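The values are calculated or read from the model by the stated rules, or taken from the named source; none is laboratory data. Fair warning: this is a prediction, and the values are worked out from it, not measured in the lab. Glycine also receives a Cβ, built like all others from the backbone with ideal geometry; neighbour counts cover every protein chain displayed. Remember, those area values only see protein heavy atoms, side chains included, never the ligands or the DNA or RNA. Shrake-Rupley method; radii C 1.70, N 1.55, O 1.52, S 1.80 Å.
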Amino acid sequence: MIFRPNKPALALALAALALGLPVRAADEVSSANHPVLKRALAEHPTADADANGTLSLAEYGILQKKPLVQPPAEKDKPPVAPLLPLLPVLSNGEVVVSEFEEPNSYKAAGWINEGTAFQGDLAQGTRLMRRRVGPFHGAVFLTTHGKSESEIGRLVSPPFRLELDFIVVTMSGGRIPQRVGVNLWIGDEIVRSATGNNDDNFETVALDVREFRGRMARVELLDQHRGIWGHLNVDRIVLTTNSGEARRIDSRPPPPATLPGLALTTTGRQAGPLAVTGGQLTSAKTPLVAGTILLALNAQESSAEPAPNTPPPSAVQLISGEIWHAQIVGLEGKALLINSPLIGPRKLPFESLASIEFQYADPYAPREPGHLYRTGAEPIPGTLVWVRDKDIAVNCPLGVIPVDRLAVERYVLATPKPAEPSGADVVGLVGGGLLRGKTAFAGNQIVVTHAILGELKLDWQTVAYLRRAAPGVDWLEDLAMTVEERPALSLPPPMPQWIEGDVDSHLRALRIMPESVVRFALKTKAGGKGRVRAEITTVRGCRAAMKVTILAGDTAIWNQTIPAGGAPVPLSLELSAATQLTIKVEFAGPLSFPSGIELRDPLVMNLTQLATQTQPTQPD
């Protein structure tokens, strides 16, 4: 059989080749099958270079790169509707709102950038976070995890028409509704909203916009939270006809909720906004008895202006593990000079320091004693010689080497040796700082009596959380933990791990994988009048029911099956005179992954000892 091409089709193909355009296959994106190209052809008919009545993707690409010239107004005629922006269209039909590939994508024409959270260098942010986000498109992505979690801001796209069914966002970061996430605005209303999951691994989220097809919209990237999980990562934003396996959001966000806050006391949980007034901590305006407070998770409204005592991006880490945000001033002999809006000017001897954090960003970054760490370069081993405004020098085997101060991340002097946790309260500061000492409330402030700094008075809005070390209370995180693995598979499960909690529900959680047994040696002797307190739930994305057994000594005090994806279960269990607490996690049915549990803010109380404590007096 001899193939004889259709003469009109052959003529069109030859014309396209003569114009330097690719020949379009029947299923290629064109104005015949894509609404964006169809609109572009109607608004710009001369873009049809081969005059075949169809705008090809190649012709659209040429048009899209040209400046958009609005038609002039004509006298005595109705005003002409302005031409809509032409967004990039990919060969698979996706319409690109942004892929954040240019170093200054956040400064692109038409984008509104407020605050400081979205002002960071994309390449530097990608280097910092690339191992935490998993696979991503292109060379860089956008992140607000910068030099300090205290930076806030918003980034708003130019308006565009919703011409496909879904907006798909590749994103991750904090799960803090209304403060960190991606919002879709139509007019003056947020019609769709997505947050991260307190996890930096990228996931695709699909905003279903079918009911809004044809309307104009803007995308808002929001980071208005200072503190734990106060950051957002975004790789790309596209319009598409197919949501695939993305997490789908197809309804409006709920109305703004009451500002979160949580207090754990010896009598239970108190949810509601926390404040300090008249020398008392209040929950939803109800005073809490100072001696009963075990944990307070604070949350503050964000504002465009920095909060009082907003920490600078530099910090010092003490040998005790405490972190103080401060300006690094210089050296004086074997001491470091610092200045902080929180603690004022100080001189700290080297033996009290673990590290000098010139750019405090990642608490999990390498910290080998005797090394100067630089951005994008190998660390330099050596001893610190000077700290000046323009450079920092170390004496290494090659001699004294000065390094541009802007390129220095930290100098490590020693490995932190946290003090015994009992006996000192822990105050977590907005932005990531940490102080230990006895605490009380006075006026509208919290007063911390510190072993080195003396008495510090802090505004309550600078505090992210307060965890008290009350006699008669064992926080499980502070106890010695041993693990017995009982693998149901050939590979043992991952080791139990303490992880950061949500800003409004818990501070820390112990993540335990199935087929593990975890034991804690108790310090507080309950004497038959003890209680175990915690919340228990399955891990995010859990695909299997978990059987959990909790034992006091050899006696089971709780044994239940937790369904995958169920709501957190509060625990308040009577504890006998045991010296060991054991937690067993097993599969309750068929094996499936991921799976496991989270034990949130677990503690053991000696009720007799707590009842005999005297209440702390309030300082004047």
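Just to be sure, is T439 β-branched (V, I, T) and open to solvent by 40 Å² or more (accessible area, probe 1.4 Å)?
No, not satisfied.
What is the residue count in the range 328-354 for residues that are more than 20 Å from V448 (Cα to Cα) and over 31 Å from the mean Cα position of the chain (by Cα)?
Total satisfying the criteria: 11.
Sort out which residues of the range 270-287 are over 27 Å from the mean Cα position of the chain (by Cα) and open to solvent by 20 Å² or more (accessible area, probe 1.4 Å), and write them in order of number.
T277, G278, Q280, K285, T286, P287 - these are the residues of the range 270-287 that are over 27 Å from the mean Cα position of the chain (by Cα) and open to solvent by 20 Å² or more (accessible area, probe 1.4 Å).
Consider only pairs whose beta carbons are under 9 Å apart and that are at least six residues apart or on different chains; among these, list those whose first residue lies in the range 278-296 and is in contact (Cβ under 8 Å) with a residue 60 or more places away in the chain and whose second residue is among the basic types (K, R).
I293/R468; L294/R467; L294/R468; L294/R533; L295/R467; L295/R468; A296/R467; A296/R468
Please enumerate the residues belonging to the range 191-215 that are assigned to a loop (DSSP other than H, G, I, E, B) and open to solvent by 10 Å² or more (accessible area, probe 1.4 Å).
T195, N197, N198, R213, G214, R215
With respect to S56, is the statement that it is under 27 Å from V29 (Cα atoms), of a type in the set (S, T, Y), touching a strand residue (DSSP E or B) at 6+ places or on another chain (Cβ under 9 Å) and modelled with pLDDT under 85 true?
Answer is no for this residue.
Looking at G120, G138, G93 in this structure, which one is more than 28 Å from E357 (Cα to Cα), in contact with a Phe, Trp or Tyr (Cβ under 9 Å, 6 or more places away or on another chain) and outside any strand (DSSP E or B)?
That would be G138, the only listed residue that is more than 28 Å from E357 (Cα to Cα), in contact with a Phe, Trp or Tyr (Cβ under 9 Å, 6 or more places away or on another chain) and outside any strand (DSSP E or B).
Of S572, S595, which residue is in a loop (DSSP other than H, G, I, E, B), at pLDDT 85 or above and touching a strand residue (DSSP E or B) at 6+ places or on another chain (Cβ under 7 Å)?
Just a single option satisfies the conditions, and that option is S595.
Suppose we filter Y411, Y465 for residues that are open to solvent by less than 20 Å² (accessible area, probe 1.4 Å) and at pLDDT 90 or above; which single one remains?
So the residue among Y411, Y465 that is open to solvent by less than 20 Å² (accessible area, probe 1.4 Å) and at pLDDT 90 or above is Y411.
Could you please tell me which pairs satisfy a Cβ distance under 6 Å, a separation of 6+ or placement on different chains, a first residue in the range 398-420 that is under 14 Å from S355 (Cα atoms) and polar (S, T, N, Q), and a second residue that is assigned to a strand (DSSP E or B) and open to solvent by 80 Å² or more (accessible area, probe 1.4 Å)?
If the second residue must be assigned to a strand (DSSP E or B) and open to solvent by 80 Å² or more (accessible area, probe 1.4 Å), no pairs are left.
So which of V532, V483 ends up being closer than 19 Å to T265 by Cβ, in a strand (DSSP E or B) and modelled with pLDDT of 85 or more?
Of V532, V483, the one residue that is closer than 19 Å to T265 by Cβ, in a strand (DSSP E or B) and modelled with pLDDT of 85 or more is V532.
Looking at the range 350-372 only, could you name the residues that are of a type outside the set (S, T, N, Q), open to solvent by less than 50 Å² (accessible area, probe 1.4 Å) and not in a loop (DSSP other than H, G, I, E, B)?
Of everything in the range 350-372, those that are of a type outside the set (S, T, N, Q), open to solvent by less than 50 Å² (accessible area, probe 1.4 Å) and not in a loop (DSSP other than H, G, I, E, B) turn out to be F350, L353, A354, I356, E357, H371, L372.
If we keep just the residues of the range 566-609 that are open to solvent by less than 40 Å² (accessible area, probe 1.4 Å) and polar (S, T, N, Q), which is farthest from the chain's Cα centre (by Cα)?
N606
Within the range 224-283, which strands (runs of 3 or more DSSP E) (wholly inside it) include 2 or more residues that are out of contact with any Cys (no Cβ under 8 Å at 6 or more places or on another chain) and within 30 Å of G472 (Cα to Cα)?
Per the criteria, 262-265, 268-271, 274-277, 280-283.
Kindly indicate whether A123 is open to solvent by 30 Å² or more (accessible area, probe 1.4 Å), small (G, A, S) and without any contact (Cβ under 8 Å) to a residue 24 or more places away in the chain.
yes
Residues in the range 97-116: is at least one in contact (Cβ under 8 Å) with a residue 60 or more places away in the chain, aliphatic (A, V, I, L, M), open to solvent by 10 Å² or more (accessible area, probe 1.4 Å) and part of a strand (DSSP E or B)?
Within the range 97-116, one or more residues are in contact (Cβ under 8 Å) with a residue 60 or more places away in the chain, aliphatic (A, V, I, L, M), open to solvent by 10 Å² or more (accessible area, probe 1.4 Å) and part of a strand (DSSP E or B).
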